[in-house]
Amino acid sequence: MSEALVAVEVPGASASGASGARQFWRRLRAQRAALVAAAVVALLVLIAVAAPLFTAIEGQDPTTYHPSLVDSARGGVPIGPFGGMSGEHWLGVEPQTGRDLFARLVYGARVSLGVALAATVIQVLLGLVMGVAAALGGGWVDQLLSRITDIFVAMPLMIMSLALLAIVPSSFPRPVLVTLVIGFIAWGTIAKIVRAQTLTLKGLDYVSAARLSGWGSLRIARRELLPGLAAPLITYAAILVPVNISIEAALSFLGVGVKPPTPSWGQMLTAADVWYQAAPQYLMLPAGALFVTVLALTVLGDGVRTALDPRAASRLGVGTGRGRQDEADAEKGAAV
């Protein structure tokens, strides 16, 4: 009987999942700020992926020195107006070295976005495995995994990262190292969220029916629990990406993250702190890129959270106004 119940529920679950996906996209499209943020994020990702193409069009690269473009008598200040902007150097050049700022900025986007996205994937996977294992294991397994999770939640991320990055040999690729450090330290909060949600899902009828039909824990987790965990995981992952970008920038700014000549927005800010008067664009460009990226990802994450859970009010006002009213009218019409 339980097998028949499970078999009957699968098609309905698929239809419900498809309908839920359509509702999510409709709610997300109704939020103009989230759509603008998504367009900005897509543009940033395009710039990061196509960095070699953009720099080839400009005819520059991020590591070549141009000593003739800086005034050594004035300490290395770029020659020319606006930090040496020209047809050959679209955003000017770096003080002292003369390296092209546009090339370093777009290649820095690859490092900052790549580290943040990869670290988020590691955090989500670790948190998912630990949270589901703790909730399904129960008893001493739950106690053990929960205490391990508590330890990682209590760890001061910046202090631990500084310590680990300082003792690892410099020959190890720094972007990979920063990714691993952030990903393997800051997964505890996701594990707690997944455990709490899994405990809630365990008490639902369709999960009980699957267990009575003889399904193992792994199959139950894959077929029954993961669809229910998708919404909170996507929501929290969208919020984690801008946080991880800020962490990478902070670590690079403190001198333990990405090392020269590899460009990174945080590493560029580290070198720019003594040039903000002589060459203000050297400070403003990476700072502005970080600000726009973090703001766009934060607004997009809030929009995704609101679209997945329409009962929750937006923290940033995303989806308010006419868009929210149109969404409410559409849902009333569908209900009728």
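Quick notes on this one:
- When the range 38-57 is filtered for residues that are crowded, with 17+ Cβ neighbours inside 10 Å and over 14 Å from Ile245 (Cβ atoms), the ones remaining, listed by number, are Ala38, Ile47, Ala51, Phe54, Thr55.
- Considering the range 170-213, and only residues there that are of a type in the set (A, V, I, L, M) and not in a helix (DSSP H, G or I), the residue that is farthest from Leu128 (Cα to Cα) turns out to be Leu204.
Yes or no, residue by residue, for (1) charged (D, E, K, R); (2) touching a residue at least 60 places away in the same chain (Cβ under 8 Å); (3) within 30 Å of Val241 (Cα to Cα); (4) in contact with a strand residue (DSSP E or B) (Cβ under 6 Å, 6 or more places away or on another chain):
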residue: Pro78; (1), (2), (3), (4): no, yes, no, yes
residue: Gly83; (1), (2), (3), (4): no, yes, no, no
residue: Phe102; (1), (2), (3), (4): no, no, yes, no
residue: Gly108; (1), (2), (3), (4): no, yes, yes, no
residue: Ala118; (1), (2), (3), (4): no, yes, yes, no
residue: Val124; (1), (2), (3), (4): no, yes, yes, no
residue: Leu128; (1), (2), (3), (4): no, yes, yes, no
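- Count - residues of the range 246-271 that are within 12 Å of Glu94 (Cβ to Cβ) and free of Cβ contacts under 8 Å to residues at least 60 places away in the same chain: 1
Every residue, every condition in (1) under 30 Å from Leu297 (Cβ atoms); (2) in contact with an Asp or Glu (Cβ under 9 Å, 6 or more places away or on another chain); (3) at pLDDT 85 or above; (4) not charged (D, E, K, R), yes or no:
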{"residue": "Ala42", "(1), (2), (3), (4)": "yes, no, yes, yes"}
{"residue": "Ala50", "(1), (2), (3), (4)": "yes, no, yes, yes"}
{"residue": "Thr55", "(1), (2), (3), (4)": "yes, yes, yes, yes"}
{"residue": "Ala73", "(1), (2), (3), (4)": "no, no, no, yes"}
{"residue": "Pro78", "(1), (2), (3), (4)": "no, yes, yes, yes"}
{"residue": "Arg99", "(1), (2), (3), (4)": "yes, yes, yes, no"}
{"residue": "Ala103", "(1), (2), (3), (4)": "yes, yes, yes, yes"}
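- For the range 99-113, the set of residues classified as out of contact with any Ser or Thr (no Cβ under 7 Å at 6 or more places or on another chain) and of a type outside the set (D, E, K, R) consists of Leu101, Phe102, Leu105, Tyr107, Ala109, Leu113, listed by residue number.
The values are calculated or read from the model by the stated rules, or taken from the named source; none is laboratory data. Since we're looking at a predicted model, the values are computed, not measured. Cβ: placed from backbone, ideal geometry, glycine included. Neighbour counts: every protein chain shown.
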